[in-house]
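S.K.: So that we are looking at the same thing, I have put the structure below in structure tokens.
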Amino acid sequence: MAYSEKVIDHYENPRNVGSYDKADTTVGTGMVGAPACGDVMKLQIKVNEQGVIEDAKFKTYGCGSAIASSSLLTEWVKGKTLDEAREIKNTEIAEELELPPVKVHCSVLAEDAIKAAIEDYQNKKPG
Amino acid sequence: MSFDLSSDYFHLFGIPVSFSVDTGALMQRYRELQQVVHPDRFATSSEQERRLSLQYATHINEGLRVLKDPLERARYLLQLKGVQWDDEQTTLSDPEFLMQQMELRESLSEVREQSDPVEAVADIITNVDAIIQENTRLLEGLLQSEDLDNLDKAKLQVRKMQFLQKMKSEAESLEAKLEDEL
């Protein structure tokens, strides 16, 4: 399968790979997996007091498109509010990375991961 | 010669519609069926008959492939019960299970740094096999039940098995690669 240059760039130089302490109350963790291909994705956001995502990290085991989707997403969410980040659609990721139809599910995974991370963060917050 | 291509694979092979399959009976029935439709028997038949025999043979082969493999069999069985598989659109979000998957993937990626990589990867495979066995038992129990709630659980269980199989095949190909390098 031919990957687009953007996918290859993110795959070879993934941005923001790493982990935060998931017990940290300023951190939201989203864990998702794609049964179709066995990919596993962990996406974490660090949120400041104003509800803005200061930083994001990811760890993905999977194909180039899954890695690129999560890498791109961590770049996109930085500086966004939680509401703005929740609005990111998988189609935007797929479009930016020029994913072929068979790899669109990788971008679905990334969208689900950020939503899960936001939910995790909000569930942790007291009150 | 006439086969009902619309009947399910269990009926095609004349075995009970169940997750537990008698492999011996399955293989015996397979050989019988293949003999009936073998292309050699149709060498002098009309083109239409030859085409049909090929179609039947393909159907039988596909049936064997599905019924022999526990995961494929479970998927098929659930499909017969009305479960739909939207593989491309489905995301699994069981944090505990995914964390386990991630840890397994991590240990697999670190195999080469171990003092004995071949043993390290063999340990991972043993570990994954044990998890697969445990999950197969769970799945078996769920598939025996007619409870609709359990069908959903069985579906989730099949999803997990897909991850485990994928993990196993990756571990096995790494093992083969490491052994080649010895």
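The values are calculated or read from the model by the stated rules, or taken from the named source; none is laboratory data. Since the structure is predicted, the reported quantities are computational estimates derived from the model, not experimental observations. Note that we place each Cβ from the backbone using ideal geometry, even for glycine, and neighbour counts take in every protein chain shown. The area values use the complete protein model at the heavy-atom level, side chains included, leaving out ligands, DNA and RNA. Shrake-Rupley method; radii C 1.70, N 1.55, O 1.52, S 1.80 Å.
S.K.: Which net charge results for the neighbourhood of B:Phe42, defined as the other residues with beta-carbon distances under 10 angstrom from its beta-carbon, given Lys and Arg at +1 and Asp and Glu at -1?
M.R.: Local net charge: 0.
S.K.: Once you order the gyration tensor axes a ≥ b ≥ c over the Cα atoms, which shape class does the stretch B:16-90 get: rounded for a/c under 1.5, otherwise prolate or oblate by comparing a/b with b/c?
M.R.: Note, shape of the stretch B:16-90 comes out oblate.
S.K.: For the protein assembly as shown, give the magnitude of the charge dipole about the Cα centre (Cβ charges: +1 Lys/Arg, -1 Asp/Glu; no others), in debye to the nearest 20.
M.R.: Here the protein assembly as shown has a charge dipole of around 640 debye.
S.K.: Grab the Cα-Cα distance for B:Arg51 and B:Asp129, subtract it from 0.36 nm times how many residues apart they are, and report the gain in nm with one decimal.
M.R.: 23.9 nm
S.K.: Residue by residue through the stretch A:33-46, what is 3J(HN,Hα) from phi via Karplus (6.51 cos²θ - 1.76 cosθ + 1.60, θ = phi - 60°)? Round to whole Hz and write x for glycine and proline.
M.R.: Per-residue couplings from phi come out as x, 10, x, 4, 10, x, 6, 10, 10, 10, 10, 10, 10, 10 Hz.
S.K.: Further question: Relative contact order of chain B, please, whole-number percent, based on alpha carbon pairs below 8 angstrom and at least 6 residues apart.
M.R.: About 21 percent, as a whole number.
S.K.: Continuing with the same structure: Could you work out the relative contact order of the stretch B:9-68, using alpha carbon pairs under 8 angstrom and six or more residues apart, expressed as a whole percent?
M.R.: Relative contact order comes out at 36 percent.
S.K.: What translational D, rounded to a whole number of µm²/s, comes out for chain A from Stokes-Einstein when the hydrodynamic radius is the Kirkwood one over Cα pairs, at 37 °C and 0.692 mPa s?
M.R.: Rounded, D is 231 µm²/s.
S.K.: How big is the charge dipole of the stretch B:9-68 about its Cα centre, in debye rounded to the nearest 20, if each Lys and Arg gets +1 on its Cβ and each Asp and Glu gets -1 on its Cβ?
M.R.: Computed about the Cα centre, the dipole is about 80 debye.
S.K.: Next question, about the same structure. May I ask you to rank B:Arg105, A:Arg15, B:Arg51 by accessible area, largest first, using a 1.4 Å probe over the protein chains only?
M.R.: B:Arg51, A:Arg15, B:Arg105
S.K.: If I fit a long axis through the Cα atoms of helix B:95-109 and take the longest principal axis of the Cα atoms of chain B, what angle between them do I get, 0 to 90°, rounded to 10?
M.R.: The answer is roughly 80 degrees.
S.K.: A further question on this structure: Are there GluC sites (Glu not before Pro) in the stretch A:54-127 that DSSP puts in a loop and that have at most 16 other Cβ atoms within 10 Å, and which ones?
M.R.: A:Glu87, A:Glu98
S.K.: A further question follows. I need the shape label for the stretch A:11-82. Rule: rounded when a/c is under 1.5, else prolate if a/b > b/c, else oblate, with a, b, c from the alpha carbon gyration tensor.
M.R.: In terms of gyration-tensor shape, prolate.
S.K.: What is the helix-to-structure angle for B:47-68, meaning the angle in degrees between its Cα long axis and the longest Cα principal axis of chain B, kept from 0 to 90 and rounded to the nearest 10?
M.R.: Roughly 30 degrees, rounded to the nearest 10.
S.K.: While we're here: Along the stretch A:69-74, what does the Karplus equation 6.51 cos²θ - 1.76 cosθ + 1.60 (θ = phi - 60°) give for ³J(HN,Hα), rounded to whole Hz, x for Gly and Pro?
M.R.: Computed from phi, the couplings for the stretch A:69-74 are 4, 6, 4, 4, 4, 5 Hz.
S.K.: What's the Kirkwood radius of the protein assembly as shown in Å, using all Cα pairs?
M.R.: This gives a value of 22.2 Å.
S.K.: What order do A:Met41, B:Met27 take when sorted by accessible area (1.4 Å probe), most exposed first?
M.R.: B:Met27, A:Met41
S.K.: Starting from the 7 Å offset along Cα-to-Cβ, what nm value, one decimal, do you get for the label separation of B:Leu182 and B:Glu113?
M.R.: Result for the modelled spin labels: 2.4 nm.
S.K.: Still on this structure, please answer the following. Angle between the Cα long axis of helix B:117-144 and the longest principal axis of chain B, 0 to 90 degrees, nearest 10?
M.R.: The angle comes out at about 50 degrees.
S.K.: So, in nm, how far is label B:Lys153 from label B:Ser173 when the simple model puts each one 7 Å beyond its Cα toward the Cβ?
M.R.: Taking the two extended label points, one gets 3.5 nm.
S.K.: Below 15 angstrom from the Cβ of B:Asp129, what's the summed charge of the other residues (Lys, Arg +1; Asp, Glu -1)?
M.R.: With Lys, Arg at +1 and Asp, Glu at -1, the neighbours total -1.
S.K.: On to the next question. FRET efficiency for B:Asp87 and B:Gln35, Cβ-Cβ distance as r, R0 = 45 Å, nearest 0.05?
M.R.: 0.80
S.K.: Now for a different question. For the protein assembly as shown, what is the calculated [θ] at 222 nm in deg cm²/dmol (nearest 500), taking -39500 (n - 2.57) for each run of four or more DSSP H residues and dividing by its residue count?
M.R.: Calculated at 222 nm, the ellipticity per residue is -19500 deg cm²/dmol.
S.K.: Which of rounded, prolate or oblate describes chain B when judged by the alpha-carbon gyration tensor and an a/c cut-off of 1.5?
M.R.: oblate
S.K.: Considering only B:Ser46, B:Leu78, B:Tyr9, whose Cα is most displaced toward the positive end of the charge dipole of chain B, charges sitting on Cβ of Lys, Arg (+1) and Asp, Glu (-1)?
M.R.: B:Ser46
S.K.: Can you give the accessible area of A:Val104 in Å² (nearest 10), computed on protein heavy atoms with a 1.4 Å probe?
M.R.: Rounded to the nearest 10, that gives 40 Å².
S.K.: With a 1.4 Å probe and all protein chains kept in place, how much accessible area does B:Val17 have, in Å² rounded to the nearest 10?
M.R.: Taking all protein chains as shown, B:Val17 has close to 80 Å².
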